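Below you'll find the structure, written out as structure tokens, and then a few comments.
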Amino acid sequence: MTRYLLTRLAQGVAVVLGAVAISFLLVNAVGNPVDALGTGAQLTERAHRELIHQYGYDQPLPARFADYLSRLLRGDFGTSFRSEDSALALVLRALPNTFLLILVSVVLAWLIAAPVAIRSVLKRDSRSDRVVRNGLVVIQGVPDFWLALLLVIVFAVTLGWLPAIADGSPSAIVLPMCAIALPLVSTFVRMLRSQLLEVMTSDFVIAMSVRGLSMRKIVLRHVLPNALPPIVTFMALQLGWLLGGTLIVETVFGWPGIGDLAVTATTQTDLPVVEAAIVLTAAAYVLCNLLADLLVVALDPRIRVAGR
Amino acid sequence: MSVTSIRLPGRARGALSARRRRWPTSLVVGVAIVVAAAVLALLGPLLLPDPNHQDLLTAALPPLSAGHPLGTDALGRDVLAWIASSIRISALVAVSVVTVAALVGVAVGLLAGYVGGAFDALLMRLVDLQLAIPPLLLFICAASVVGRSLLVIIVLLAIPSWVPYARVVRTRVLVERERASVAAARLAGASHLGVLVRELLPATRSLVIVLASLQLGWILLWETALSFVGIGVHPPSTSFGYMIAQGRDALAQQWWVVAFPGLVLALLVLASNLIGDGLGEQLDVEVEVTDA
């Protein structure tokens, strides 16, 4: 068990290092941003050279990477080019907002998806099951940022029930949450359904139904708990994918998360913030996956016995 | 896009093609949508106004106006013409990205599965990395540095897109290389390259076809999302995302500028999913993919 977790930890560190390398290459591959400012009345030749020296762009690439790494290890992600805040603080302020949004959206999506999937398994291949599943295929293709705008038209503009932008009120989370959750429902149902069907082929299910337990009871009490561990792993692995949709929806609502931050930083060429966003998102992903590993061990006693 | 589960053909390879004569409904509907979109995209330049033509005299016309069946935006650009032109560019981007991704991914997957060892381990770490950095975050951040021409966008989108091919092909090759036919080919004097191309590559065909048709939809969504946040395809090139973003400013007055491009986009993504599912059924493989 310890050895398994240590391996996973080492893999996690490798992933974060990879993210560090990618963010470094991304920012340094195209020359230095000081040149892009140009020289002239606003920026003298001398100030230009000083800026290049100040940001270390006169050093060779490997030396800069080493410097970048050692800075990161000390928790120094640099200062935003646009404000006086440290890039680390900006990202750390945005990350919890993004995770909150993902969390409520995922919970909402599961609240809808779980009953649908269980019903679909119980009434497998019935007419209503087919209708629901076809409906889910249609929902899956709906672009979330477009859905977000449609929700704004209906609930914010026409009905005036909910705020269209994140104004700090608690109700501001409702529309972004719905826009992210609805497309997720389709994926979650398909996933849980196929997991449930797989567990249903186990011998214990046949044994139970022979002993006269109702199918409903078997699925809810015995099949569902067995289908959960792979789903926890899946959810953690797909966190990056969950984040993807959230990023764009955030920009629609001005939700102060990592997506909004990254888009703003990008349009302003705020490179330290760009770097910090990539590295810290990858680190958060690794952390969540380690937690999911522990959760799976807690959910599935067989793994503990096997001493993986 | 990442693969969450794969089901491989259960029976011998040759028996697959003749098994079902009728096309599954999902495939028929999907192909019908694609054909309709293609007709619109190809006839657009002949019948519709220039999508970039602005005319404030005919600005903000509602749908079903004379000469503008889907209305015009706040600058008088024809929404239908914009959609037709966006289909062309989106299709160009999606097909290019999927082609590049499939070629690279299949080659890497074949090698990783066949050679194994350090190369394989390196590949799996790359897969971890691809999962850890949300592609959209990478695109957004990269766009700040490398600009945003059509070619740059295609290259950017291709960077994480080859990974799912490498994963499914690798898994398939790990199974296939243990077959007696592979050992027989080697004994008969076939080179490693010969085994890869003639024995292992054909076995991955249906998986790659299904994955590619599903991936087209995701690439469409990515391309549009980038253009929506203002760092993707931009005028004079047209994109659904750009028009949706433009329409956002006048959401209350001109809902059609947002609604119609999004609807067509949703239909195209739906078509990609339907064709992927239908082909999977036809070829008897199942590739469950998720991403955004």
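Observations, loosely collected:
- Label separation (residue A:25 vs residue A:233): 2.9 nm, computed from points 7 Å beyond Cα along the C-beta direction.
- In a reduced charge model with +1 at each Lys and Arg Cβ and -1 at each Asp and Glu Cβ, chain B shows a dipole moment near 1120 debye about its Cα centre.
- Under the convention that each Lys and Arg Cβ holds +1 and each Asp and Glu Cβ holds -1, the size of the dipole of the protein assembly as shown around its Cα centre is about 2740 debye.
- Seen from residue A:252, the other residues with C-beta closer than 10 Å to its C-beta sum to a net charge of -2, counting Lys and Arg as +1 and Asp and Glu as -1.
- FRET E, pair residue A:167, residue B:178, Förster distance 35 Å, beta-carbon r, rounded to 0.05: 0.05
- Crossing angle, helix A:239-253 versus chain A [Cα axis fit, 0-90 degrees, rounded to tens]: 70 degrees
- Percent RCO, i.e. relative contact order, over chain A, from Cα pairs under 8 Å lying at least 6 residues apart: 29 percent
- Ranking of A:153, A:102 by neighbouring Cβ atoms within 10 Å, starting from the fewest: A:153, A:102.
- Charge dipole (the protein assembly as shown, unit charges on Cβ, about Cα centre) - positive-most of A:23, B:169, B:214: B:169
- Net charge of neighbours whose Cβ lies under 13 Å from the Cβ of residue B:169, counting Lys and Arg as +1 and Asp and Glu as -1: +3
- Positive-pole candidate from A:83, A:62, A:73, dipole of region A:41-96, charges at beta carbon: A:73
- Value of D in µm² per second that Stokes-Einstein yields for region B:131-246, Kirkwood Rh from Cα pairs, at 25 °C (0.890 mPa s): 147 µm²/s
- Relative contact order (percent, whole number), chain B, Cα cutoff 8 Å, 6+ residue spacing: 32 percent
- Computed from the C-alpha gyration tensor, the three semi-axes of the ellipsoid equivalent to chain B are 42, 22, 14 Å, from longest to shortest.
- Once C-alpha pairs closer than 8 Å and six or more residues apart are averaged by separation and normalised to the residue number of region A:231-294, the relative contact order reads 38 percent.
- Placing unit charges on the Cβ atoms only, positive for Lys and Arg and negative for Asp and Glu, gives chain A a dipole magnitude near 1880 debye about its Cα centre.
- Degrees, to the nearest 10: A:61-73 long Cα axis against longest axis of chain A: 60 degrees
- Charge tally for residue A:157 (other residues, Cβ to Cβ under 13 Å; Lys, Arg +1; Asp, Glu -1): 0.
- Kirkwood-based Rg to Rh ratio, the protein assembly as shown, C-alpha trace: 0.98
- Efficiency of FRET from Cβ geometry, residue B:31 and residue B:64, R₀ 25 Å, rounded to 0.05: 0.30
- Per-residue Cβ neighbour counts within 10 Å put A:250, A:275, A:84 in the sequence A:84, A:275, A:250, beginning with the fewest.
- Taking every DSSP helix (H) stretch of at least 4 residues in chain A, weighting each as -39,500 (n - 2.57) and dividing the sum by the residue count yields a mean residue ellipticity at 222 nm of -24000 deg cm²/dmol.
- Cα-based helix-to-principal-axis angle, B:255-283 vs chain B, degrees rounded to 10: 20 degrees
- Compactness of chain A - radius of gyration and Dmax, Cα, Å: 24.4, 89
- Only one residue of B:245, B:184, B:263 has its Cα farthest out toward the positive end of the dipole of region B:181-292, where Lys and Arg carry +1 and Asp and Glu -1 on Cβ, and that residue is B:184.
- Cα-projected label distance for residue A:8 with residue B:124, points at 7 Å along beta-carbon direction, nm: 1.5 nm
None of the figures in this text is laboratory data; all of them are computed from the coordinates on show. Predicted model only: the values in this text are computed from it and were never measured. Ideal geometry is used to build each Cβ from the backbone, glycine not excepted, and the neighbour counts take in all protein chains shown.
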